[in-house]
1. Please work out the Cα center distance from region 1-43 to region 81-113, rounded to the nearest Å.
2. I need Asp44, Asp78 ordered by Cβ neighbour count within 10 Å, fewest first.
3. Mind checking which of Ala29, Ala125, Ala57 has the largest fluctuation in a GNM of the chain, springs on alpha carbons under 10 Å?
4. Mind sorting Val97, Val61 by how few other Cβ atoms lie within 10 Å of their own Cβ, fewest first?
5. Pick out which of Val55, Val66, Val107 has the largest mean-square fluctuation in a Gaussian network model of the chain, springs linking Cα atoms closer than 10 Å.
6. Say each of Lys42 and Ser116 gets a label point 7 Å from the Cα, pointing the same way as Cα to Cβ; how far apart are those two points in nm?
7. Give the relative contact order (percent, whole number) for the chain; include only Cα pairs under 8 Å separated by 6+ residues.
8. Which lysines have a Cα less than 26 Å from the Cα of Lys77, not counting those fewer than 8 places away in the same chain?
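Just so it is clear, none of the values below were taken in a lab; they were calculated from the coordinates. Please read these numbers as outputs of a predicted model, since none were measured by experiment. Virtual Cβ from ideal backbone geometry, glycine too; neighbours counted across all protein chains shown.
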Amino acid sequence: MNISEILNIAIPALLTTVIIPFLATAITALTSYIKTKTNNAKLDKYFEMANDAVVTAVSEVMQTFVSEMKKAGTWDKDTAVKALEMAKLKAQEIMGVEALKALPEIVGDVEAWLNSKIEAATLAAKCTLPAVTPAPAATGATA
């Protein structure tokens, strides 16, 4: 038996038992890696969209509703609950359907995440904005 006969027997055996299964496994792993990378990029994008939507919604609700209620002196626990609900609805509207669909996979409990995120964004906004004081009560005197 010479070297070419040995190679003629060994190469097909190596191809079918080692190289082809290795390539199949490598291709499967590469495909899985690419899918994970793509999925993670999408989820990261949706998470950023959701975060941005919450911050924007909180700013908008604070700028319009909260500041008006405080200026009018009607800010209380009920209006605080209403402001939270307004911020949630506005955030969901801004982030869009696709981000809302992706959020459970990213954060788990979307409702709890939204509440926490809105509270955190509200606190951050309060720390950077000057406090709004209620208008002084009318005394009948003119300035």
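1. Here the answer is 44 Å between Cα centres.
2. Working: Asp44 12, Asp78 9.
Ascending number of Cβ neighbours within 10 Å: Asp78, Asp44.
3. Judging by the Gaussian network model, the answer is Ala29.
4. Numbers: Val97 8, Val61 25.
Fewest-to-most ranking of Val97, Val61: Val97, Val61.
5. The residue that fluctuates most here is Val107.
6. About 2.5 nm separates the two model spin labels.
7. On the way: 80 pairs, mean separation 43.4, N = 143.
This gives 30 percent for the chain.
8. Candidates past the 8-residue exclusion: Lys88, Lys90, Lys117, Lys126.
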